[in-house]
Amino acid sequence: MRFYDWLIVGSGLFGATFAHLAKKAGKRCLIIDKRPHLGGNVYCESIEGINVHKYGAHIFHTSNKEVWDFVNSIVPFNRYTNCPVANYKGKLYNLPFNMNTFYQMWGVTTPEAAKAKIEEQRAEAVMALQGREPANLEEQALILVGRDIYEALIKGYTEKQWGRSCTELPAFIIRRLPLRFVFDNNYFNDAYQGVPIGGYNKLIEGLLKGVETRINCDFFANRAELSALAEKIVYTGQIDEYYDLCFGHLDYRTVSFEQKTFDIPNYQGNAVVNYTEREIPYTRIIEHKHFEMFGQEVYDCPKTVVSREYSTEWQHGMEPYYPVNDDKNNKLYLKYKALADKEENVIFGGRLAEYKYYDMAPIIERVMQMEIL
Ligand code: FAD
Ligand code: UDP
């Protein structure tokens, strides 16, 4: 008999949730991670008393009450509501596209006036499409909100983020953003939203309480030995690496962060400011304290930490962040998936192993629904 029931490769939210639920079901688990810390991309580093989201800003949001109750049973979440602001050529606009944005863009003050303005703006795109479906992100954006908003708030940001022209990107990406005719700057439509009180590390620590862990432990450095420790494996790393890149490598977008600490309590007055013009090289600036400090708390902490985010194409050795789900990569992924489907003792799960854009809540939901647990 082997020493563990499960070897879990990767301590991100997929691996940590799996380990938590498997332990609860009486299974013996070992979770390993090649990084020098646990938590995957939700890991935070404490700097000047501020939880800095080292792998990009993370806001938990869901409409699934079971998932919300589950995470809150591990650590209570705060009331943070994501309301990013866009800076275009020095002028600020609220996001997502709502009555505040329309007022700032055109001076319209009623939903009816805003709808009329958008109809006028869309007219050109409606004519151009002649009844067919939008074939790319540019066509989709123009038919949704028209040219003014597309040019100021979408085109530059999207091309920086994806490193491709809006005419080469799939239409669905922009359909994620809400369009509202009310004065509501909440970026998400979900019923529940927040950030763990005390930071995401508390969530990971809570999930992994009593679970055996090893950091600085790369599965591929000791594959045979590690695999021999457990009956079965949960693998949350890159699926192409698991198969030695035998069909070639999958593409990703990655983000690099330029982090600075300032001796002032409040740098930009908001957690997230997007820079939507093409000429500014970064996509957004995150001011981390605003995720967890509100009102006077912002000023009680005399310093602030900000990160500029630069989006680039992934190369070997970089952190893989966003799967590029275009036709070429989706086809390649299916070849790897066909191999994975034949494995009897390995479960492939999470953003990298399923090569899928997953938010945090759906990851947890997926693990909670796994019959194996
Ligand atoms: P990961 O967190 O990537 O964990 C995988 C782990 O496996 C890593 O720790 C890695 O080191 C480890 N690993 C890989 N290979 C090996 C190996 N060979 N040996 C050992 N360990 C290995 N979601 C939201 O809901 N809201 C947000 O605001 C949000 N913002 C995001 C911003 C950015 C920039 C990014 C990239 C993602 C964001 N997400 C957000 C998504 C969220 O990060 C993911 O849903 C979640 O982290 C995925 O968890 P995971 O366990 O699948 O992957
Ligand atoms: N987007 C944009 N302008 C913005 C914010 C977002 O054009 O100020 C577009 C961009 O193409 C992005 C998409 O909307 O990829 C979805 O936005 P979201 O915030 O969901 O992006 P994420 O970073 O989560 O992929």
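Per-residue answers, yes or no, for (1) assigned to a loop (DSSP other than H, G, I, E, B); (2) buried (at least 20 other Cβ atoms within 10 Å of the Cβ); (3) free of Cβ contacts under 8 Å to residues at least 40 places away in the same chain:
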{"site": "21", "(1), (2), (3)": "no, no, no"}
{"site": "27", "(1), (2), (3)": "yes, no, yes"}
{"site": "72", "(1), (2), (3)": "no, no, yes"}
{"site": "81", "(1), (2), (3)": "yes, no, no"}
{"site": "93", "(1), (2), (3)": "no, yes, no"}
**Fill in**
The lone condition residue 168 fails out of (1) closer than 30 Å to residue 82 by Cβ; (2) part of a strand (DSSP E or B) is (2)
**Message:** If the requirement is being in contact (Cβ under 8 Å) with a residue 12 or more places away in the chain, within 17 Å of the chain's Cα centre (by Cα), under 21 Å from residue 83 (Cα atoms) and within 14 Å of ligand 2 (Cβ to nearest atom), which of these qualifies: 177, 153?
**Reply:** 177
**Complete:** When restricted to 203, 226, 245, the only residue within 10 Å of ligand 1 (Cβ to nearest atom), of a type outside the set (Asp, Glu) and at pLDDT 95 or above is 226
**Prompt:** How many of the residues in region 352-362 are within 10 Å of the chain's Cα centre (by Cα) and either buried (at least 24 other Cβ atoms within 10 Å of the Cβ) or near ligand 1 (Cβ under 6 Å from one of its atoms) (or both)?
**Reply:** 3
**Fill in**
Within region 285-310, residues surrounded by 21 or more Cβ atoms within 10 Å (Cβ to Cβ) and of a type in the set (Ser, Thr, Tyr) come out as 304, 307
**Fill in**
Taking region 180-217 and keeping only residues that are within 22 Å of residue 85 (Cα to Cα), of a type in the set (A, V, I, L, M) and within 19 Å of the chain's Cα centre (by Cα), one is left with 191, 195
**Item:** One residue from 25, 114 being touching a Phe, Trp or Tyr at 6+ places or on another chain (Cβ under 6 Å) and away from ligand 2 (no atom under 16 Å from the Cβ)
**Value:** 114
**Flag if residue 51 is surrounded by fewer than 24 Cβ atoms within 10 Å (Cβ to Cβ), within 16 Å of ligand 2 (Cβ to nearest atom) and either of a type in the set (A, V, I, L, M) or touching a residue at least 40 places away in the same chain (Cβ under 8 Å) (or both)** = no
**Prompt:** Within the group 205, 159, which residue is within 15 Å of ligand 2 (Cβ to nearest atom) and assigned to a helix (DSSP H, G or I)?
**Reply:** 159
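The values are calculated or read from the model by the stated rules, or taken from the named source; none is laboratory data. Values in this document were obtained by computation on a predicted structure and should not be read as measured data. When we count neighbours, we look across all protein chains shown, and the Cβ atoms used for this are built from the backbone with ideal geometry, even at glycine.
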